[in-house]
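Remarks on the structure that follows.
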Amino acid sequence: MAYIETTDGVPLYYRERGDGETIVLVHGWTCDSEYWWRKNVDALAEEYHVLTYDLRGHGLSGKTDDGHTLSEYAADLEFLMESLDVSAAVLVGWSMGAAITLTYLEEIGDERVRAIAMIDQTPKFYSDDDWSSPSWVSSRRRGSPKSSADSRRVAPKRRSRSSRRSSPTPARKSDSTRCTPERR
């Protein structure tokens, strides 16, 4: 197991696999690098140098009460890439990992980054009055009555009674439940 210790003493767990251009995979909140990326790493490592790591407080990295901000996670990512002499990397962030990637670019820059990919995350975190969104969203946000765009929306078709199920479909336990802290 490979670890690197941050300047504030938190050990970050990481793994490197494959050769070629570097892809850094950044997982989301309460997940870890082994769980989230397990179906991707082997295939990617056939052609690329793949770097995965656990965020502080996640997976096999050190647990700490401090440093759980996007800025600190981005600083940890920079420390890891600098320590491993990574340059021209493709940063791939899933969920909060995408937010970390964008924070990295905003606060640290793109010197070590060739490209980014965001999975399951919008590039605009919060909508505000300057953000161009559909008029019916903007009008509702400000508390005004529905716009004419709302009145033109078509209601979804209702299923007939005969096509409805007689009993609800049982809930299926999904793999995503493994990402909760209670499962660690």
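The values are calculated or read from the model by the stated rules, or taken from the named source; none is laboratory data. None of these values were measured; they are calculated from a predicted model. Backbone-built Cβ (ideal geometry, glycine too); neighbour counts: all protein chains shown.
Screening the candidates His27, His49, His58, His68 for the property of being under 18 Å from Ile108 (Cα atoms) and within 21 Å of the chain's Cα centre (by Cα) yields one hit, His68. Contact map, the stretch 58-86: residues that are at pLDDT 95 or above and among the charged types (D, E, K, R) paired with residues that are crowded, with 18+ Cβ neighbours inside 10 Å and outside any loop (DSSP other than H, G, I, E, B), Cβ distance under 8 Å, separation 6+ or inter-chain. Pairs shown: Asp76/Leu12; Glu78/Tyr104.
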